[in-house]
Amino acid sequence: LVVICIVGLLLIGFSRYQRTHQTASSAGPPTTSQQWFAALGIDICGTMQPNLPTSTNTATTGLTANGNGVVTIHPKNSSESGGNATLGRFVQGYKGLGLSSSTLQYPGKQVWTNGDVCPKGTPDAGKPGVVIVDSWSSFRSNTGTETNGPPEDLLFQNGQLITMAFVPA
């Protein structure tokens, strides 16, 4: 009876530990057998940037830009599937593209950091900007959601719309 009680308490403790120390899981959608699509736009100081050119690293990653404003989410392995299919994983694999809570970089252009002032000739000229990422679950959504926490942790969804922006708060 004592052994059963001790084993039971150990299992409860282990279960609680796992619940409070969760890690990103590769389980769940999208799986390596699924193909999703998400629209991605980049706004810097009120000016929409051109669509990202087509990804050149399609042999190594399943998170790729199509050149038409669409990102294809077709994980090649568990490091890109399920809870690992994030905006940050896509950004890491796209040369020249940068994103964090405080910085945004469009390929071939300057890095924008929270507090930088938008330049003359842009709709937000003279105003200090901040990095934000908004997403809509589908084309039918009327309201977007600004990401809480690190924007690179945003999980992809099928049919999702995403805007990465450096704009006045």
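The values are calculated or read from the model by the stated rules, or taken from the named source; none is laboratory data. Everything numeric here is computed off the predicted structure, so don't read it as measured data. A quick note on method: Cβ atoms are made from the backbone with ideal geometry, for glycine too, and the neighbour counts reach across all protein chains shown. Please note that ligands, DNA and RNA were not included when accessible areas were found on the heavy atoms of the full protein model with its side chains. Shrake-Rupley method; radii C 1.70, N 1.55, O 1.52, S 1.80 Å.
Annotations
- Those residues of region 118-139 which are of a type in the set (Gly, Ala, Ser) and either in a loop (DSSP other than H, G, I, E, B) or within 14 Å of ALA169 (Cβ to Cβ) (or both), in sequence order: GLY121, ALA125, GLY126, GLY129, SER137, SER138
- Filtering region 117-159 to residues that are surrounded by fewer than 17 Cβ atoms within 10 Å (Cβ to Cβ), more than 29 Å from PRO29 (Cβ to Cβ) and in contact with a Pro (Cβ under 9 Å, 6 or more places away or on another chain) leaves VAL117, ALA125, GLY126, LYS127, PRO128.
- Within region 47-64, at least one residue is open to solvent by 30 Å² or more (accessible area, probe 1.4 Å), farther than 18 Å from GLN34 by Cβ and touching a helix residue (DSSP H, G or I) at 6+ places or on another chain (Cβ under 9 Å).
- Lone unmet requirement of (1) touching a residue at least 40 places away in the same chain (Cβ under 8 Å); (2) within 30 Å of THR32 (Cα to Cα); (3) not aliphatic (A, V, I, L, M) for PRO119: (2)
- Yes/no for LYS109 being among the charged types (D, E, K, R), over 16 Å from MET164 (Cα atoms), out of contact with any Pro (no Cβ under 6 Å at 6 or more places or on another chain) and open to solvent by 40 Å² or more (accessible area, probe 1.4 Å): no
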